[in-house]
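Participant: After the C-alpha cells below, expect a handful of questions from me.
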Amino acid sequence: MKLRKYLRSGNCATLDAGCGNGAFSYYASSLGNSVLGINIDSEQVRKCEEFRAFLNLDRERCGFKVHNIYDVLSLGQTFDQIICFETLEHLKEDREVLKLFRQVINPDGVLHLCTPRRNRRSYFGEVLSETEDGGHVRFGYELLDLEPMLAAAGFSVNRTDKAMGFFSLKIEELLNRIEMRAGAISQNGRQEILRTLAFLCLYPLTFLDVFSTTHLCIYVQAQSREPT
C-alpha cells in the first residue's frame, strides 16, 4: 500500500488517532498537513515529541497530546482527515469510536483506517486481552465487518487496499523477539535502541511484499456523508 496516494496533502487539519510512535503524524506533516497526534500513553507521547525535535518539525504543525480516544469530542476541533492505523482492534467500543470520529470530521472529510485482518494466524506473542491494556481485544476485521460499521457511523467506503505482506510479518515477528529479549536483558533504553536499529536494517525487505500473495492487514478509506 502506498500511503501517499491516499492521504490528503496540503494545508488540511489531520487527526492521528492512536498515533503510536508518531510515524504517520510526521509523514502527514511532511505533506503539508497541520497534524495532531493523540495517544493515551504519556511515555509514547514524550518520545514522539523528542523525535519531532530531532526531525526539526514545527510543533505548531505537528503536535502531540496525551488524550483518550473516547474523549475526542473534548478536543474542541474538527478535522479534514482522520488517520486511525492499527488502533481500532485495541478498542472494545470500536463502533462508538467510529461514531465519535464522524462528529469531529468535516462534511467532506476522509477517514483512513488500517487494521489487521480477522482471518489470519496470530502474530508472534499475540494474546487477546479481556481489557484495554494495550493489547489486541480482537484479532482484527475483514472488509465485510468494517463496511456496515462505517455505514452505521455515517461513513461510506471509497477505497480499499491490502497492507503488510509475508515479509513485513516476518520482520515484525523478529522485531518482537528482539524487543522481548532486550527487555529481559535491560530496562535502561537498550530495548528501544536495539529495536530501532533492527528496524532500520530490515525495513528495505518490506518492499518484497509486492510479491506476496498473503496480506495481513486491510486499508479502508471512508468519506463522511450527510445523514439521510
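The values are calculated or read from the model by the stated rules, or taken from the named source; none is laboratory data. Keep in mind that what you see is a predicted model, and the values were worked out from it rather than measured. Cβ coordinates were reconstructed from backbone atoms using ideal geometry, including for glycine residues, and neighbour counts include every protein chain displayed.
Participant: State whether one or more residues within the stretch 125-136 are at pLDDT below 80, exposed (fewer than 12 other Cβ atoms within 10 Å of the Cβ) and of a type outside the set (A, V, I, L, M, F, W, C).
Facilitator: The answer is yes; a qualifying residue exists.
Participant: Kindly indicate which of T78, T14 is of a type in the set (S, T, Y), under 26 Å from L143 (Cα atoms) and touching a strand residue (DSSP E or B) at 6+ places or on another chain (Cβ under 9 Å).
Facilitator: Only one candidate qualifies: T14.
Participant: Of all residues in the stretch 137-161, how many are of a type outside the set (A, V, I, L, M), farther than 26 Å from G76 by Cα and exposed (fewer than 14 other Cβ atoms within 10 Å of the Cβ)?
Facilitator: Qualifying residue count, the stretch 137-161: 4.
Participant: Select from the stretch 32-69 the residues that are under 24 Å from R4 (Cβ atoms) and under 15 Å from the mean Cα position of the chain (by Cα) and list them in ascending order.
Facilitator: Correct list: V35, L36, G37, I38, N39, C48, F64.
Participant: I would also like to ask the following. State all residues of the stretch 7-26 that are touching a residue at least 24 places away in the same chain (Cβ under 8 Å), within 21 Å of H90 (Cβ to Cβ) and surrounded by fewer than 19 Cβ atoms within 10 Å (Cβ to Cβ); if no residue qualifies, say none.
Facilitator: Scanning the stretch 7-26 gives G20, N21.
Participant: Still on this structure, I have one more. Go through the residues of the stretch 39-53 one by one and say whether even a single one is buried (at least 19 other Cβ atoms within 10 Å of the Cβ) and either closer than 27 Å to P148 by Cβ or touching a residue at least 40 places away in the same chain (Cβ under 8 Å) (or both).
Facilitator: Checking the stretch 39-53: not a single residue is buried (at least 19 other Cβ atoms within 10 Å of the Cβ) and either closer than 27 Å to P148 by Cβ or touching a residue at least 40 places away in the same chain (Cβ under 8 Å) (or both).
Participant: Against the condition under 17 Å from the mean Cα position of the chain (by Cα) and assigned to a loop (DSSP other than H, G, I, E, B), how does R8 come out, does it pass?
Facilitator: yes
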